Amino acid sequence: MILQANSVTKKFGDFTALNKVSIHVPENSIFGLLGPNGAGKTTLIRIINQITGPDEGEVIFDGKKLNPDHISMIGYLPEERGLYKKMKVGEQALYLAQLKGLSHHDARLRLKKWFEKFEIQEWWDKKVEELSKGMQQKVQFIVTVVHEPKLLIFDEPFSGFDPINVNLLRDEILELRKNGSTIIFSTHNMASVEELCDNIALINKSVKILDGPVKEIKRQYFTNSYQVQYRDFNGTPFQLNEPDFEILNSTVEDEIRTVTFRLPSSKGPNDLLSAILPYVNVIAFNELIPSMNDIFISTVNAVNGNQIPEA
Amino acid sequence: MNKIFLIIQREYLTKVKKKSFIVMTILGPILMASLFILPVYLASRQDDKQLVNVLDETGLFFYKFENNENYTFVPVISSLKEAKETLAKQGEYMLLHIPATQLNIPDNGVIYSDKQPTLNLKGYISGVMSKELEKQKLAAEIRNEILRNTPGYTAGNDTTAVDLMSETILKNIKTDVKITTYKTGSGGEEQKSFTEMTMVVGYFGSIMIYMFIFLFGAQVMRGVIEEKTSRIIEVIISSVKPFQLMMGKIIGVAMVGLTQFLLWIAFTFIIITAVQTAFPQQFKKTHTEQAQITGKSVALPNETAPAAPNSITADTGNDDMNEIFEAFSSINLPVMIVSFLFYFLFGYLLYAALFAAIGAAVDNETDTQQFMLPITVPLIFSLVVAQTVIQNPESPLAFWLSMIPLTSPVIMMVRIPFGVPTWEILLSGGILVIGFFGTTWLAAKIYRTGILMYGKKSSYRELWKWIWYKG
């Protein structure tokens, strides 16, 4: 466990930004911090970065209570990010790397390596304002990782990148994990959560409402539903003498009918197949796995629906 | 600490490398040098002679004044009242009245004129008068010495008295002559006018402080706004404490300001010296000569010859610069310089923290107006009141304003050339330092919260809340 937040509470005046939130981030994994806008994710990230301190609770980093020595072990790419526009790229990268505790010499060596890797050596003496937004993001990424931190925090890292650079960045993030870093990853992009994250925590209205490994969460939300497609030339709806198999949906398009079934927990996919095979020619059959997007929306809605709306 | 140093270094280097800094550094001295050179140039072209009527009731001084191409001294033998009437009739005349005294050394001169007498003339008159008085005093001292050494001289218990007297005289040999100026209006009313260099020096000092606070305080504010709008702020404060960033910025900008200030002074001197060497006729009396003169008057008691050559020559006429140097020597220079640097620095630090807080509270420069008021009002107020304080540097108003840290840097600078009791300077300085810690503490709280706030229009109530947020 590289990072552990134990019932962290943070208030701004009368507003509670975080209410007894606990998270556990295992070492060498990618951790997704999810939640709607204004849920308190950024506040939690700022506490981990020691930009603000918690009112209650504590944060344990690598077995020790979070302290200023940890600053150089954490790399942070905020959602709202930027660089000094009038400063030269290289100078600026050196400055930011030195603020993270690297010596001037080390910072220069490592930056040169990264600039070569991203093939942007010729930007070194350019002013930041001469670069495009995407180029600036690359520089920003480099200064976040250059001091080789144990823990990396990316807040919406893919915003502002074109698809090619999104791939590049994703590969870099995966490589960072391979090399032993832990990554906390805050995003609204559920597809990337599914693709990258090992564990998640979902925060809504300052309270954590869901957490755990992505696989387990998906299993929790498993509904035993299946989708069947068959050719239907005369457009007659499907009739089945099995009351256990609930039909959720049935549509026809280009003479292909798609039907969604939900099965009772006692039945499996083979039961469904053997029941329908005598009647139709099945051309496709697949299990409906809940996406993180569905889980996100249904969980947040369920919680908000049960709560008395705030005044 | 290492991180603060990095921040200071970045602030300093990026600002010093800017074009605007280089342009200002070059233009500033040209402007300042022309302020010194232009009057000299203009004076050298002026050729109308001024008549000075001298009513010397002591009879000691008149023949010491020498005519030159600018001034002609004319003796007057009448009562003061008559002399003034003549002056009123003839207009262009200036009247110098040296009243006779019964007990004291006659060290007072009064100038009546409808025009402002030049510093030049006043400097010349007081120079001649003090020289003469010093001569007289020295002669008296030597007389005493001779008397004491005369074998037949028996003064009984008086010997010690004479000794004491000669000592006091020696101490007093350096004489300050006061020249007061009355401007005679058209209605014959007399108004006291001020050409005292002390005022000029004090006022110049406070204007410098005022400008420095505004120029460089605003730079701190703009720097904070830049970091906020470019959104680099969050990247940086994940590496350093907001307080470190704020102080680093404030100190960095202060060093930029000091660099510019020192470069200005250096360049100004270079330009003036260059012009002086290029046109030596216009600057006849160099100030090395001036130094010799002062050196002599100090060294007088040790010299055998009582009368030093009267080296204040008549052709001082054109040199305004030397006059300024001369006037400077009448002020307690070490106190002046130390307190100037002190008020310059801490005045800036006090306000810069507030400027930083404003920068943090807004999203862009146009929003700063509402918060600028509490900062600009005390500053502008103190500069306006400074003119009143000059007239009456000992008034309760002057005293209290030089204690309040928001106004003390400007007001105290005006007062110091007139001589302020040490305890007052120390108290005011102490309050200023405490004020600096106070505003910095307050500003740091606002800054810490403000730099991460976007999109919200901040109000004073909002800022008040921020101060009480826990870290």
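The values are calculated or read from the model by the stated rules, or taken from the named source; none is laboratory data. Since we're looking at a predicted model, the values are computed, not measured. A quick note on method: Cβ atoms are made from the backbone with ideal geometry, for glycine too, and the neighbour counts reach across all protein chains shown. The accessibility values were calculated without ligands, DNA or RNA, using every heavy atom of the protein model including side chains. Shrake-Rupley method; radii C 1.70, N 1.55, O 1.52, S 1.80 Å.
For segment B:384-405, what are the residues that are of a type outside the set (G, A, S) and either at pLDDT 90 or above or within 15 Å of B:E424 (Cα to Cα) (or both)?
Applying the first criterion (of a type outside the set (G, A, S)) to segment B:384-405 yields B:384-385, B:387-394, B:396-397, B:399-401, B:403-405.
Residues satisfying the conditions are B:P393, B:E394, B:P396, B:L397, B:F399, B:W400, B:L401, B:M403, B:I404, B:P405.
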B:P374 open to solvent by 20 Å² or more (accessible area, probe 1.4 Å), touching a helix residue (DSSP H, G or I) at 6+ places or on another chain (Cβ under 6 Å) and not acidic (D, E): no
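So that you can scan it fast, the table gives a plain yes or no per residue for (1) within 15 Å of the chain's Cα centre (by Cα); (2) closer than 15 Å to A:N28 by Cα:
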| residue | (1), (2) |
| --- | --- |
| A:E122 | no, no |
| A:V128 | no, no |
| A:D155 | yes, no |
| A:F161 | no, no |
| A:R177 | yes, yes |
| A:S192 | yes, no |
- request: Determine, yes or no, whether A:E58 is over 23 Å from A:L176 (Cα atoms), within 11 Å of chain B (Cβ to nearest Cβ) and not in a loop (DSSP other than H, G, I, E, B).
  value: no
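Residues are listed down the side, and each one gets a yes or a no for (1) part of a loop (DSSP other than H, G, I, E, B); (2) open to solvent by less than 30 Å² (accessible area, probe 1.4 Å); (3) closer than 30 Å to A:G35 by Cα:
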position	(1), (2), (3)
A:D244	yes, no, no
A:I247	no, no, no
A:T299	no, yes, yes
A:A302	no, no, yes
- line: For segment B:394-409, the count of residues that are open to solvent by less than 20 Å² (accessible area, probe 1.4 Å) and touching a residue at least 24 places away in the same chain (Cβ under 8 Å) equals 5
field: Residues of segment A:141-159 satisfying the condition of being away from chain B (no Cβ under 12 Å) and open to solvent by 10 Å² or more (accessible area, probe 1.4 Å)
entry: A:E148, A:K150, A:E156, A:F158, A:S159
statement: With criteria (1) assigned to a helix (DSSP H, G or I); (2) loosely packed, with under 15 Cβ neighbours inside 10 Å; (3) modelled with pLDDT under 85, B:T304 comes up short on (1)
- line: Within segment A:53-83, residues being at pLDDT 90 or above and hydroxyl-bearing (S, T, Y) number 1
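For (1) at pLDDT 85 or above; (2) within 14 Å of chain A (Cβ to nearest Cβ); (3) buried (at least 16 other Cβ atoms within 10 Å of the Cβ), each residue gets a yes or a no:
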position	(1), (2), (3)
B:Q9	yes, yes, no
B:K18	yes, yes, no
B:I30	no, no, no
B:Q46	no, no, no
B:N67	no, no, no
B:N70	no, no, yes
B:S79	no, no, no
B:A88	no, no, yes
B:E92	no, no, no
- prompt: Tell me, which residue of segment A:93-124 that is touching a residue at least 40 places away in the same chain (Cβ under 8 Å) and facing chain B (nearest Cβ under 10 Å) is surrounded by the most Cβ atoms within 10 Å (Cβ to Cβ)?
  reply: A:L96
field: Residue ranges of helices (runs of 4 or more DSSP H) in segment B:384-471 with at least 3 members away from chain A (no Cβ under 14 Å)
entry: B:396-401, B:408-415, B:422-450
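Residues checked against (1) out of contact with any strand residue (DSSP E or B) (no Cβ under 8 Å at 6 or more places or on another chain); (2) among the hydroxyl-bearing types (S, T, Y); (3) surrounded by 17 or more Cβ atoms within 10 Å (Cβ to Cβ); (4) more than 13 Å from chain B (Cβ to nearest Cβ):
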residue: A:K41; (1), (2), (3), (4): no, no, yes, yes
residue: A:R46; (1), (2), (3), (4): yes, no, yes, no
residue: A:P68; (1), (2), (3), (4): yes, no, no, no
residue: A:K85; (1), (2), (3), (4): no, no, no, no
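Take the residues in segment A:24-38 that are part of a strand (DSSP E or B) and in contact with a Lys or Arg (Cβ under 7 Å, 6 or more places away or on another chain), then tell me which one is nearest to the other protein chains (Cβ to nearest Cβ). If you could, list the steps in order and put the result at the bottom.
So in segment A:24-38, the residues part of a strand (DSSP E or B) come out as A:24-25, A:30-34.
Filter once more, so that each one left must be in contact with a Lys or Arg (Cβ under 7 Å, 6 or more places away or on another chain): A:30, A:33.
Values: A:I30: 20, A:L33: 16 Å.
Residue satisfying both the conditions and the ranking: A:L33.
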query: Say we look at segment A:125-140 and pick out the residues that are more than 14 Å from chain B (Cβ to nearest Cβ) and not in a helix (DSSP H, G or I); which of these is nearest to A:K178 (Cα to Cα)?
result: A:S132
message: Just to verify a result, which residue in segment B:410-428, among those that are crowded, with 19+ Cβ neighbours inside 10 Å and either at pLDDT 90 or above or of a type in the set (V, I, T) (or both), is nearest to B:L349 (Cα to Cα)?
response: B:V410
Selection within segment A:113-160 - farther than 16 Å from B:R231 by Cβ and aromatic (F, W, Y): A:W114, A:F115, A:F118, A:W123, A:W124, A:F158
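Across segment B:203-253, which residue is most open to solvent (accessible area, probe 1.4 Å) among those that are among the β-branched types (V, I, T) and facing another protein chain (nearest Cβ under 10 Å)?
Of segment B:203-253, the ones among the β-branched types (V, I, T) are B:207, B:209, B:213, B:220, B:224-225, B:229, B:232-233, B:235-237, B:240, B:250-251, B:253.
If we keep only those that are facing another protein chain (nearest Cβ under 10 Å) too, we end up with B:229, B:232-233, B:235-237, B:240.
Details: B:T229: 76, B:I232: 0, B:I233: 1, B:V235: 16, B:I236: 0, B:I237: 5, B:V240: 4 Å².
So the residue we want is B:T229.
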